[in-house]
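Some notes on the structure that comes next.
Please treat every number below as a calculation from the coordinates, not as lab data. Everything quoted here is computed from the prediction, not taken from an experiment. Don't worry about glycine lacking a Cβ; one is built from the backbone with ideal geometry, like all the others, and counts go over all protein chains shown.
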Amino acid sequence: MNPQLQKIVKVWLEFQPIFSVPHNEGEYNKLANLLDGLIDEVGNNEHHPLAALMETIGSLIETYESRQIDAMEGNPINALVALMKEHGLKQSDLSEIGSQGVVSEILCGKRQLNIHQIKRLSERFKVSPAVFV
């Protein structure tokens, strides 16, 4: 292993959560809070010692957001599956839209979401009802 990698390995575990693309809402929120603090500190000063860190964190957040948008765009079922994955939910956790059988039929495309279900899902996940239309 080259000397530069050896140095990185020694500190990587401490910094890995900061320099990784978030994979869930909790990781995303932690990184977004860090970015907010960096923006407050760095502002528009391109020569600030933390300017490159601010840019890197912004890129990681952007990657997460683009993945979430891609997963949700254009298909209500994809949106629901992405939101379930993000929140660590199973079919049985969506009892507000129907029985597990109803949820299963919705997820496999045999049944469409109705207005009542869309309203409940948008409230639960705090997203626009348009996501499920």
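Just add up the charged neighbours of residue 25: K/R +1, D/E -1, any other residue whose Cβ is under 14 Å from the Cβ of residue 25.
Values: positive: 30, 67, 85, 124, 126; negative: 27, 65, 86.
Value of the local net charge: +2.
What label, among [x] 47, 33, 27; [y] 56, 37, 21; [z] 39, 28, 23, belongs to Cα extents along the principal axes in Å computed from the structure on display? Recomputing Cα extents along the principal axes in Å here gives the entry labelled [y]. Length gained on full extension, residue 27 to residue 114: 28.1 nm, using 0.36 nm per residue less the C-alpha separation.
With contacts taken as Cα pairs under 8 Å at a separation of at least 6 residues, the chain carries a relative contact order of 20 percent.
Gain on full extension, evaluated as 0.36 nm per residue between residue 87 and residue 46 minus their Cα-Cα distance, stands at 11.1 nm. When restricted to Cα atoms, the stretch 3-71 yields an Rg and a Dmax of 13.4, 40 Å, respectively.
Net charge near residue 61, counting Lys/Arg +1 and Asp/Glu -1 over other residues with Cβ under 13 Å of its Cβ?
-4
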